[in-house]
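Data first, discussion second: the structure below is written as structure tokens.
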Amino acid sequence: MEQLTTVDRTLFVEASPEAIWKALTEPQLTKLYRGNRLVFSQWKRGTPIRWVELVDGHQILREKGTIMACQPGRRLRYTTLAVESDLADDRTNETTVDILLEPDRDDRTKVTLWQGDFAGLPDAARRAREAGRHWVEALVGLKRVAEEQQRALAA
């Protein structure tokens, strides 16, 4: 039986691509659904992306990577490596996250997420499963935050 080494998730969000983009890129919003993790980047191709967690008033680096594509309201693609993983801090151990936002209908947006490929890493299938579970939680949270942002914009 072939084991999956990528993550593919899709969901529909009752919010505009702009509201979802805001929830993806603004630190004060990401912490609401990423376990108190704030995202920092210049949001330009080739620049770093960092996820830090607030612990007792201190920022602790949890994930890092590089922006590969950044089209506001449309696409965010970046490499990522969990700092506390058992993998060496090396580009060969990074995976890629690709998030596409596609307008659907009536302010509904299709969010498609892909992460991979874990194939070259030790315990690839396990890592992909864990990432998949993580993304289910994160995307449900993203949906909640983006829909709250949409309601606030409409009010």
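Using a/c under 1.5 as the rounded threshold, could you call the stretch 17-66 rounded, prolate or oblate? The axes a ≥ b ≥ c are square roots of the C-alpha gyration tensor eigenvalues, and prolate needs a/b larger than b/c, oblate otherwise.
Numbers: a/c = 2.66, a/b = 1.21, b/c = 2.20.
Oblate is the answer for the stretch 17-66, as a/c is 1.5 or above yet b/c matches or exceeds a/b.
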log10 of Debye I(q)/I(0), alpha-carbon scatterers only, for the stretch 1-109 at 0.10, 0.12, 0.20 Å⁻¹: -0.33, -0.47, -1.16
Angle between the chain longest axis and helix 124-154 axis [Cα atoms, degrees, rounded to 10]: 20 degrees
Hits among lysines - C-alpha to C-alpha of Lys110 under 18 Å, sequence gap 8 or more where chains match: Lys22, Lys143
Mean-position separation - Cα centroids, the stretch 87-104 and the stretch 9-84, in angstrom: 11 Å
Accessible area of the stretch 1-142 belonging to carbon and sulfur atoms, whole % at 1.4 Å probe: 49 percent
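How would you rank 60-67, 13-20, 132-139, highest first, on the average number of other Cβ atoms within 10 Å across their residues? If you can, show how the numbers build up before the last one.
On the way: 60-67: 17.2, 13-20: 21.6, 132-139: 15.5.
Result, highest mean first: 13-20, 60-67, 132-139.
Keeping all protein chains in place, calculate the accessible area per residue for the chain (probe 1.4 angstrom), answer in Å².
Heavy-atom accessible area per residue stands at 56 Å².
The values are calculated or read from the model by the stated rules, or taken from the named source; none is laboratory data. None of these values were measured; they are calculated from a predicted model. Positions of Cβ are generated from backbone atoms using ideal geometry, with glycine treated the same way; all protein chains shown enter the neighbour counts. In case anyone asks, the SASA skips ligands and DNA or RNA and just uses the protein heavy atoms, side chains included. Shrake-Rupley method; radii C 1.70, N 1.55, O 1.52, S 1.80 Å.
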